[in-house]
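Every read-out reported here was derived from the displayed coordinates using simple, explicitly stated rules and does not represent laboratory data. Since this is a predicted model, take the numbers as computed values, not measurements. Here the Cβ positions follow ideal geometry from the backbone for every residue, glycine too, while neighbour counts run over all protein chains shown.
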Amino acid sequence: MSNDTQPAIVLEKVNKWFGQLHVLRDVSLTVGTGEKVVVCGPSGSGKSTLIRCINRLETHQEGRILVDGTELTDDTRALDTIRSEVGMVFQSFNLFPHLTILENCTLAPIWVRKMPKVEADALAMEFLTRVKIPEQALKYPGQLSGGQQQRVAIARALCMRPKIMLFDEPTSALDPEMIKEVLDTMIELAESGMTMVCVTHEMGFARQVADRVLFMDQGEVVESGTPVEMFERPQTDRLKLFLSQILRGH
Amino acid sequence: MSTATTTHISVPGREQPPMLVAGPVAWARANLFNSIGSSLVTLALAYFLLKYAASFIDWAFIKSVWTVPMDPATGKLDPTACRAAKGTGACWAVIWDKYRFILFGRYPFEEQWRAAIVVVLFIGLFVTSAMRRFWRRELALIWVATLTAIFVLMWGGVFGLRYVPQDEWGGLPITLILSTFGLACAFPIAVLVALGRRSTNLPAVKLLCVIYIEVIRGVPLISLLFMASVMFPLFMPEGLNPDKLLRAQVAIILFAAVYLAEVIRGGLQALPKGQYEAADALGLSYWKKMGLIILPQALRLVIPPLVNTFIGFFKDTSLVLIIGIFDLLTSGKVAVADPIWQAFSTEVYIMLGLIYFCFCFSMSRYSRGLEREFSKSVRR
């Protein structure tokens, strides 16, 4: 962790309820610049909610969230600035189907960053090349496979040159043969030094890139540590149970 | 089992499917005569169709009277020939005599070329706007320029054109003005109201939109038109009295906006939540998110009901008849009030119906083309 600068993300005692349901309980977390954190846990454990709170797709009710030193509040202008610094990749890709791959990537640089179109096109092609699909630039999302669409989604987020990347189960909606191409892209991104928070069940990926793994259950962080600590010497029964279940599944 | 391999052997003369698989005979077998019941229905319908089509053709084209002679004593047309053919043949002479009155109403006869140019301008404007290669910023300028030209032509008073007061306007130009302005102004209002009604963090705006929609939708268009023409002037200070056409126009805009807003809201609701979230996550502001991501998709989804509403309102402009505005339908009605032609309203209404049909049918064909074009790019 490079501690000479402020941490990229700070969560302090964050609580959130959906109606009566307490989905985040006193979650505290600090992610340093360049750190890669993998969040895992059974479905309904609050891990997606947690990551969605970081760019305020969900609002928290108690506690504080600071992203890049700025606290998340109802100030929409500040929020749009924070969001443009934080890239997000969704489980269901969420590409814009009415725009071409290239337009998907250049839209935010042109309209949010006010970048000239020629420059934005060049930038988009650079990132599409990095995710290895430059030849699809003029197609529409519907013409691409799931794996290709998810790589475009990663390129689209990277075109904003974000400081932080959030991944919300990026491979869960993919056919098995396409998972690898997306994970490879993410590993490459991790090696480039990007700050990453990633909700995933891909334990191989976690072992390879994560500095820290967080295990969540019923809205709270039950255990956290390095991948080796977590997977080889789990302390709590809940994590042991979870690990045995997902290992059986794989 | 051996692996199935298929070899394509082309037999000479077998490239075409046999007659009974494709072609008109096969189509008729599959769709009209696929069972005893459907064969009976087909035959019965064919019988009625032929019988009535034949008698309509007979009435409209064979036994019909196309022209009638002028009565030298009165200088008016003499409809005796039409009266003789009444019941067996159509009297198209009424159209020949009255078509200019039907199309342009009481607009001064010698100035009607101006109204004719207005109609041509409107149609030109529609055709230009319909073509996708003209969908640029300049199109707004074309609209402003054309509409200005239209009002200059209608009103006159400049460039040596005679001044024609608004209450002398009539016929097709009025119908086109009411519907074009009505829908062009209602559409942006509708978009804002639809967005307002879905707004989550501006409850006051949302409430206002809901009240507007529910109140206007809860009353008939006719009562709004009556209010605009009768009640509204009572509340206006002396001397300040916008003309009747403008008041009716505003009523139509307010009414159409509600229906369009609800159609657009349907499109907004049909979009997956992920599209909103993806736009948010990129840091797009609310208006950019709506303008670049949400509305382009939502509006494409609702082209069929949108065009349905457009067509409905194009025809609903004819309701201004009851407040005495001289639109196409009113001028048709007044035309057949002429004692000479009183007995021949059917012919006039057929003509009016054809005019309305041409406009509505082109709208519906156009929307189908548009849907096809859009579905090419958005394949999920």
Over the range B:110-379, relative contact order from alpha-carbon pairs under 8 Å, at least 6 apart, %: 20
Qualifying lysines (Cα of each under 20 Å from Cα of A:Lys114; at least 8 residues distant if same chain): A:Lys163, B:Lys288, B:Lys289
Likely footprinting exposure, A:His98, A:His22, fewest C-beta neighbours within 10 Å first: A:His22, A:His98
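Over the range A:29-116, what is the relative contact order in whole percent, taking alpha-carbon pairs under 8 Å and six or more residues apart? Write down the numbers at each step before the final one.
On the way: 30 pairs, mean separation 11.6, N = 88.
Result for the range A:29-116 is 13 percent.
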Within straight-line cross-link reach of A:Lys132, aspartates and glutamates at Cα separation under 14 Å, skipping those fewer than 8 residues along the same chain: A:Glu181, A:Asp184, A:Glu188
Separation of alpha-carbon centers, the range A:79-136 and the range B:66-98, rounded to whole Å: 71
Amide hydrogen neighbours beyond the local backbone of A:Leu214, cut-off 5 Å, H modeled: A:Val38, A:Val39, A:Cys40
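Quick check on the exposure proxy: order A:Glu223, A:Glu12 from fewest to most C-beta atoms within 10 angstrom. Kindly include the intermediate steps, with their values, before the conclusion.
Working: A:Glu223 19, A:Glu12 15.
Result, fewest neighbours first: A:Glu12, A:Glu223.
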Fewest-first sequence of B:Cys209, B:Cys185 by Cβ atoms within 10 Å of each Cβ: B:Cys185, B:Cys209
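As an exercise, use a Förster radius of 41 Å and the Cβ-Cβ distance of B:Gln342 and B:Ser38 to find the FRET efficiency, rounded to the nearest 0.05.
Working: r = 46 Å, r/R0 = 1.13.
After rounding to 0.05, the efficiency reads 0.35.
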Cysteines in chain B that, by Cβ-Cβ distance, have no pairing candidate under 4.7 Å: B:Cys185, B:Cys209, B:Cys358, B:Cys360
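Where the only charges are on Cβ atoms (+1 Lys, Arg; -1 Asp, Glu), what is the dipole of the range A:68-219 about its Cα centre, to the nearest 20 debye? Each step should come with its number before you reach the end.
Working: 15 positive and 22 negative charges, 83 e Å.
So the dipole magnitude of the range A:68-219 works out to roughly 400 debye.
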Kirkwood Rh, angstrom, the protein assembly as shown [1 / mean 1/r, Cα pairs]: 30.6
Note, ³J(HN,Hα) from phi for the range B:127-139, Karplus 6.51, -1.76, 1.60, rounded to Hz, x at Gly and Pro: 5, 4, 5, 6, 8, 5, 6, 9, 7, 9, 4, 4, 4
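Placing unit charges on C-beta atoms (Lys and Arg positive, Asp and Glu negative, everything else neutral), compute the dipole magnitude of the protein assembly as shown about its Cα centre in debye, rounded to 20.
Here the size comes out at about 1380 debye.
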Zero-based 5 Å bins, Cα pair distances in the range A:57-112, whole percents: 4, 14, 21, 22, 16, 13, 7, 2, 0
Per-residue ³J(HN,Hα) for the range B:225-234, Karplus 6.51 cos²θ - 1.76 cosθ + 1.60, θ = phi - 60°, Hz, x for Gly and Pro: 5, 4, 4, 5, 8, 9, 6, 3, x, 5
